[in-house]
Each structure stands twice: as C-alpha cells, then as structure tokens.
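Novice: Take a look at the following structure, please.
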Amino acid sequence: MQVLVSEVGPRDGLQSIKRTMPTEAKQRWIRALAASGLREIEVGSFVHPKWLPQMADAEDIVRDAVQIPGLTVLALVPNLKGAQRAMAAGAHKITVPIAASQLHNMANVRMTCEESIDAVAGICRLRDDAGSKTEVEVGIASAFGCTREGRVSEDWVMEMAVRLARVGVDSIGLSDSVGYANPAQVRRMFRRLISELGSKAGGAHLHNTRGQGLANVVAALDAGVTTIDASQAGIGGCPYAPGATGNIVTEDLVFLLESMGLDTGIDIDKLVAARAILADALPGEPLYGHVPDAGVTKGFAYADPARSYVPAAEPREACNTVGAPA
C-alpha cells in the first residue's frame, strides 16, 4: 500500500516563523525535500504580503518548484485574487482554508463558514471558466475541535464537506488544527467522510500539539486515508487558532509508515539531511523530531512488504458518491 506524504513545511511551517527565510534558501530546501522522494509539497501562500511578509515571494517559489520533475506543487489561497495569482504562477493544486469553527474562520479569513463556501464556489468557477487544470482542495480546519469555540459538530463538518464537493472542489480533507483529535474520533470521522464523498474524500492534516499526532495517523490509515500532511522538523501552526502548534514531524511520520511496511517512496536519510538547510537559514529556531534526534541507522531496513499493514476499512469503491447534506 502506498501512502502520499504531503510536505507542508514551506507554507504551514514557515507562516508562523517571524524570521523571513531567504527565497534562495526556500528554493534549495524545496529541491532537497523533492530529492528525498517527496512527491507533493505545499510551497507557499498567496496572501497579501502586508499580512504575511514570509510569503511575499510566493510567485517566485511556485515558478521554481514547478520545474522540479515529478513534483506536485501546492499553494494556499485565501480568496479569488490569491487563486488567480497561484494559477498564473502555475501551481498544480490550490488549497483554500475554511474552518468548521465559525470563530476560527472569522479570525482567519474574516468570513462566516457559509461565506467561505460561496467564495470557494467562485474559485471553482474561475478555474473552470479559464479552462485550467489546477485542482482545488479544501482541508476543513478545526474539524475535531477549536480552542476558540470548543467542540465542533461532526454533522456540521460532514455537511460542509458535501457542500464543498457539490460546488466543484476536487478533494476535501479534515484538519486537526489544535491537536484536540483522538484516534477513535479520527477513525470515525474519516470513515464518514469517505462514505459521504467517495473519491473526493481527501487527506489528514493532524497536529501533534497534545501528543496524539502519530496515533491519529494510524487511525486515519485504518479508516482508509492514503494522504497525510506533515512538516519537516515539526515547524509551524495557524496564527489565528490559539495553541495551533506542533505539526507532525515529516521525518517521524516517514519512519512510522515505512516501519509498518507502507510505501512512501522517501529516502529517510536524504530527508533528515534536508534539515540542515532549515538550520542554516533559521538560526535559533527550534527543530523537532524523535527520529532525527535518535539518529537514523545506516541501511535502515524497511519492513517486509509481505508483512505490511493492511487498513481495516471498506474499500473506496464500495463507498457512496457525494450524498445529500444532513
């Protein structure tokens, strides 16, 4: 079984760091990540530089990254203008931030959840009218709980997902923005998502803020998820969701998956080596990871594929297509 590890460090990781990483260093880092075998990287965010100076070079970063053979290049866009910029730069995918929590969504994009769904519909129309092949995806933030709002209704999360699928979004995933999720909840909600959306059910974006990140990864795999987001060295978080720190460490995630006999296509030694670019460009910034701290044994033996993990989930072919909202 193959698992797609989607690296979000150059966007989600850097967006909360005050020190600006030079453009040339970002480009070298992205190329080193791709050389390790990562096939999908979220390289930047098309927000106004006034709000996020770290991402002022988004066009340059995307244009350079799309030249890397075999790499799928993602960019975050908060609105229609950002989508236009990202598509013009050549991004293969754009991801639009929407939170299931009204308070988080208002703080992040100054819109209600319903207004955000309408905005995403406009982005999908823009894409379609332009004849663009750019994919539009949404990871529903605060899907498992919110530090601003507390509990979030699972039925509401599913209703949002169905509405987004119906307006033309290609993939809808779930994000644990503040690390509130537990394995039982992750397994239950992703099984519901796959049942509701079928092939449009997307990946898992799980923070390790409260120490349950990798346990939640296994639960997502058990539900049938095959795309997992992570950030090299665990950097990053969401500035508009208090306590949203602790991204899953890509190095630890790859070690876990490969140890279970799951194929990521990633060379863990090359992946760990890419941390040096971060350390040089962001001196003093804490870099996390149990695997890098413990050291990677040379010739690390990945598990025998014949004894690999098999998720306890219904196959996607048996799932329903987009269902009716609750």
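The values are calculated or read from the model by the stated rules, or taken from the named source; none is laboratory data. For clarity, every value in this text was computed on a predicted model and none was experimentally measured. Every residue, glycine among them, receives a Cβ derived from its backbone with ideal geometry; neighbour counts consider all protein chains shown. In case anyone asks, the SASA skips ligands and DNA or RNA and just uses the protein heavy atoms, side chains included. Shrake-Rupley method; radii C 1.70, N 1.55, O 1.52, S 1.80 Å.
Novice: Quick one: count up the residues across the stretch 267-291 that are among the charged types (D, E, K, R) and open to solvent by less than 20 Å² (accessible area, probe 1.4 Å).
Specialist: Summing the residues that are among the charged types (D, E, K, R) and open to solvent by less than 20 Å² (accessible area, probe 1.4 Å) in the stretch 267-291 gives 0.
Novice: State whether the residues of the stretch 101-115 include one that is over 30 Å from ARG192 (Cβ atoms), open to solvent by less than 50 Å² (accessible area, probe 1.4 Å) and either over 19 Å from the mean Cα position of the chain (by Cα) or of a type in the set (A, V, I, L, M) (or both).
Specialist: No; the residues of the stretch 101-115 include none that is over 30 Å from ARG192 (Cβ atoms), open to solvent by less than 50 Å² (accessible area, probe 1.4 Å) and either over 19 Å from the mean Cα position of the chain (by Cα) or of a type in the set (A, V, I, L, M) (or both).
Novice: Residues in the stretch 93-108 that are of a type outside the set (Gly, Ala, Ser) and assigned to a strand (DSSP E or B): how many?
Specialist: 6
Novice: Considering each of SER153, SER195, SER175 in turn, give the residue that is touching a His at 6+ places or on another chain (Cβ under 8 Å) and of a type in the set (Gly, Ala, Ser).
Specialist: Matching residue, one of SER153, SER195, SER175: SER175.
Novice: What single numbered condition from (1) among the aliphatic types (A, V, I, L, M); (2) touching an Asp or Glu at 6+ places or on another chain (Cβ under 6 Å); (3) surrounded by fewer than 21 Cβ atoms within 10 Å (Cβ to Cβ) fails to hold for LEU38?
Specialist: With respect to (1) among the aliphatic types (A, V, I, L, M); (2) touching an Asp or Glu at 6+ places or on another chain (Cβ under 6 Å); (3) surrounded by fewer than 21 Cβ atoms within 10 Å (Cβ to Cβ), LEU38 is out only on (3).
Novice: Could you check the stretch 67-88 and list, in sequence order, the residues that are touching a residue at least 40 places away in the same chain (Cβ under 8 Å) and part of a helix (DSSP H, G or I)?
Specialist: Those that are touching a residue at least 40 places away in the same chain (Cβ under 8 Å) and part of a helix (DSSP H, G or I): LEU80, ALA83, GLN84, ALA86, MET87.
Novice: Condition first: at pLDDT 95 or above and open to solvent by 10 Å² or more (accessible area, probe 1.4 Å). Can you find one or more residues in the stretch 227-244 that meet it?
Specialist: Yes, the stretch 227-244 contains at least one residue that is at pLDDT 95 or above and open to solvent by 10 Å² or more (accessible area, probe 1.4 Å).
Novice: So, in the stretch 59-84, how many residues would count as being open to solvent by 60 Å² or more (accessible area, probe 1.4 Å) and of a type outside the set (A, V, I, L, M)?
Specialist: Within the stretch 59-84, residues that are open to solvent by 60 Å² or more (accessible area, probe 1.4 Å) and of a type outside the set (A, V, I, L, M) number 8.
Novice: Another one. Within the stretch 1-14, which residues are outside any strand (DSSP E or B), open to solvent by less than 30 Å² (accessible area, probe 1.4 Å) and either small (Gly, Ala, Ser) or modelled with pLDDT under 90 (or both)?
Specialist: GLY9, GLY13
Novice: Would you call ILE41 of a type in the set (A, V, I, L, M, F, W, C), within 19 Å of the chain's Cα centre (by Cα), closer than 17 Å to ILE235 by Cβ and part of a helix (DSSP H, G or I)?
Specialist: no
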